[in-house]
2 protein chains.
Amino acid sequence: MKPPNINKLPNFDTISDAAKQLEGHRIRTGVMSSPWINALIGAKLLFKCENQQHIGAFKFRGAYNAISRLSKQQMQAGVIAYSSGNHAQAVARVCQMLKIEATIVMPDNAPIIKRQATESYGARVVEYNPDTESRENITDQINKNDQLSFIPPFNHPHIIAGQGTAALELMGDNPDISKLLAPCGGGGLLSGSALAAKGVNSNCKVVGVEPELADDATQSFHQGKIITIDYPDTIADGTRTLSVGDITFAIIREHVDAMETVSEAMIKEAVRIIFYHLKQVVEPSGALGLAALLEDKVAGKAVAADTIGIIMSGGNIDGQTMSTILAEPSIF
Amino acid sequence: MKPPNINKLPNFDTISDAAKQLEGHRIRTGVMSSPWINALIGAKLLFKCENQQHIGAFKFRGAYNAISRLSKQQMQAGVIAYSSGNHAQAVARVCQMLKIEATIVMPDNAPIIKRQATESYGARVVEYNPDTESRENITDQINKNDQLSFIPPFNHPHIIAGQGTAALELMGDNPDISKLLAPCGGGGLLSGSALAAKGVNSNCKVVGVEPELADDATQSFHQGKIITIDYPDTIADGTRTLSVGDITFAIIREHVDAMETVSEAMIKEAVRIIFYHLKQVVEPSGALGLAALLEDKVAGKAVAADTIGIIMSGGNIDGQTMSTILAEPSIF
């Protein structure tokens, strides 16, 4: 894919256009609510269930929007991506649907369940040792003559626009949402969600949420420049990205109203509450929005919205991690 | 409530009428599908997600259909029910919505989580010792002058009709479903689902599923008379009823095509598959339909339908039970 032009940022039209591209291909995921959770928080919470999306996460949307726009020639040549997580599965799944060859570069310590899921969609997985090699170098070696189209994980207008379609669906059906919470890893979901939300309701406050242990975007937001952190050991593996991208950051600075951080304990509490009260399986990153509201409650902060939207980003959690979380006592 | 007339069984119109009664009050639960599960079974499976229903189970539908039809005078007097499980929560929740006083008779060994959930909806819980007292006697003692309306758990036309509305929604949207699987405890869900399915598509085969350890309805079905079993120690607590009712059995005999039983191991495998591939939290009883298809697969039975509907009846499972299930190795 062509390197994007930082001077031409995606906007609301880009998101709307991505929604057209995805129509009939993405799952129009459900929106759920719980009287118990509403009573706890003191507002009406609407959870957009991207755990129900293809491959169990919103990442399908961006990957489809990017890959389906490749030329016939590019599709015949194949695509390449690196990821140890949901982006790998998303690219593999989209390529399976569009009959494109996919090569995914994965660290050799990636969870076997994620490698198997990626391979189950027919992708070729190339392993590398993250202690001695860089994924960029491996990708360049494989793709010496640039014959393969590289699909970036977040810092590209097509990816950002695709990710924003989840919030567009949620806000389109519920334009009275006055606060929208989205998790932040590389910033693709957050920046796309912000464009979508502000486009539907310019008064909607958009809040990005990160684990305290992975607060690079929060630091960047407050310092006005991109901050890179060391590998963050948070349970929310979807947010372990070391920094946001220049495009996602430019959008976040312009359209996101606030960043919040949450403790590991509150992330796990949010996973438990969603398990018991929404009957949904979410990965820790997908529970960040609710975790932020729980932190606000503990801090005694007033709820500043009647209707709050939460992007529940994914549900790819292994049984052992879920069991560990369920074994801990509830806070609320 | 008046004792029902066994000679006037509910029919498709009764279900349609219940659907009208429930409109705007029940959650129109989602229908989900998974390419992975479809490939495993060799058919298109549509899961009706009653785990997303109020109180986390289909039981809300029957309770609402029965209680909302009481006279104003009956509502003012209050209702009474006995149950250690989802029916207790359903009656309590409906009464909370309709501002009716509810008394629930529960065994003193009922899981604390279920008692708390019932109380959280504002119901009065009366405990009894199931070793020395009968729930019928306790209920009669409390309700000496029949001032309270008794809400039966399954053997009543209003309850059966309410439970059938889940299948009606599923079949209405997907009339090409040629096989429908529903779990069977007291038979309210199965009999209501059969009436709904046959009414929409008379060629649809309706199959009831029970744990091998709680096969009273299967025995009854084959022997042509109601068989009562001893307390069955199955993990599928929603199907631990000792026998079906005379009304539910009459409908099952007439409209259900087959009964199947499943092993405890396969029930747990189905819970795991639904966790990983649909990202849904289901209780073991809710996984019986998928478990039956997995048993068929192991037995080498041909899949006799292109599109199969599954009533995923509920999601009220405690964390410890889920963790135990997730800790076991996968079969598929």
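The values are calculated or read from the model by the stated rules, or taken from the named source; none is laboratory data. Predicted model, so just to flag it, every value in this text is computed and none were measured. Note that we place each Cβ from the backbone using ideal geometry, even for glycine, and neighbour counts take in every protein chain shown. Remember, those area values only see protein heavy atoms, side chains included, never the ligands or the DNA or RNA. Shrake-Rupley method; radii C 1.70, N 1.55, O 1.52, S 1.80 Å.
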Hey, for a label at A:Lys301 modelled as a point 7 Å past Cα toward Cβ, could you say which residues of the stretch A:245-269 have their backbone N under 12 Å away?
A:257-263
Once Lys and Arg are counted +1 and Asp and Glu -1 for all other residues with Cβ under 13 Å from that of B:Ser84, the total becomes +2
Which pairs in the list A:Lys20/A:Lys72; A:Lys44/A:Lys279; A:Lys48/B:Lys72; B:Lys59/B:Lys225; A:Lys179/B:Lys114 are over 29 Å apart, alpha-carbon to alpha-carbon?
A:Lys48/B:Lys72; A:Lys179/B:Lys114
Can you give the average number of partner chain beta-carbon atoms within 10 Å of each beta-carbon in peptide A:270-276, as a whole number?
2
What distance in nm lies between label points placed 7 Å from Cα along the C-beta direction at A:His25 and A:Ile331?
3.9
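Quantify how strongly other chains surround peptide A:29-38 by giving the mean number of their Cβ atoms within 10 Å of each of its Cβ atoms. Please list the in-between numbers first.
Working: counts 2, 6, 1, 4, 1, 3, 7, 3, 0, 0.
Per residue, the average neighbour count from other chains is 3.
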Taking the label point 7 Å from Cα in the Cβ direction, how far apart in nm is A:Ile27 from each other copy of itself, listed shortest first?
1.6
Burial of 30 Å² or greater, the stretch A:309-332 residues [accessible area, probe 1.4 Å, versus chain by itself]
A:Gly319, A:Ser323, A:Leu326
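Total accessible area buried between chains A and B, 1.4 Å probe, in Å² to the nearest 100?
Counting both chains, the buried surface is close to 1600 Å².
List the GluC sites (Glu not before Pro) in the stretch B:106-198 that DSSP assigns to loop (not H, G, I, E or B) and whose Cβ has at most 15 other Cβ atoms within 10 Å. Which are they? Write out the running numbers ahead of the final one.
Numbers: sites: B:Glu119, B:Glu127, B:Glu133, B:Glu136, B:Glu169; in loops: B:Glu133.
Of the GluC sites (Glu not before Pro), the ones in loops of the stretch B:106-198 whose Cβ has at most 15 other Cβ atoms within 10 Å are B:Glu133.
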DSSP loop trypsin sites (Lys or Arg not before Pro) in the stretch B:194-279 with at most 12 other Cβ atoms within 10 Å of their Cβ, which ones?
B:Lys225
Are there any GluC sites (Glu not before Pro) in the stretch B:1-103 that are in a DSSP loop and have at most 11 other Cβ atoms within 10 Å? List them by number.
B:Glu23
Can you list the distances in nanometres, one decimal and ascending, from the B:Ser330 label point to the identical position in each other copy, with the point 7 Å along Cα to Cβ?
2.9
Between the stretch B:40-85 and the stretch A:29-106, what is the C-alpha centre distance in whole Å?
34
How large is the accessible surface per residue of the protein assembly as shown, computed with a 1.4 Å probe and reported in Å² as a whole number?
39
Given R₀ = 30 Å, FRET efficiency for A:Glu264-B:Asp318 by Cβ-Cβ distance, to 0.05?
0.85
Work through the residues other than B:Glu133 whose Cβ is under 12 Å from its Cβ and net out their charges, Lys, Arg +1 and Asp, Glu -1.
-4
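Assuming R0 = 41 Å, what is the FRET efficiency of A:Asp13 and B:Ala39, from their Cβ-Cβ distance, to the nearest 0.05? Working shown, then result.
On the way: r = 38 Å, r/R0 = 0.93.
In this case the efficiency is close to 0.60.
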Per the 1.4 Å probe, what fraction of the accessible area of chain B, in percent, lies on carbon and sulfur atoms?
47
With just the Cα atoms defining each centre, how far is the stretch B:114-140 from the stretch A:182-241? Give it in Å.
48
Nearby aspartates and glutamates by direct alpha-carbon distance to A:Lys301 (threshold 12 angstrom, same-chain neighbours under 8 apart not counted)
none
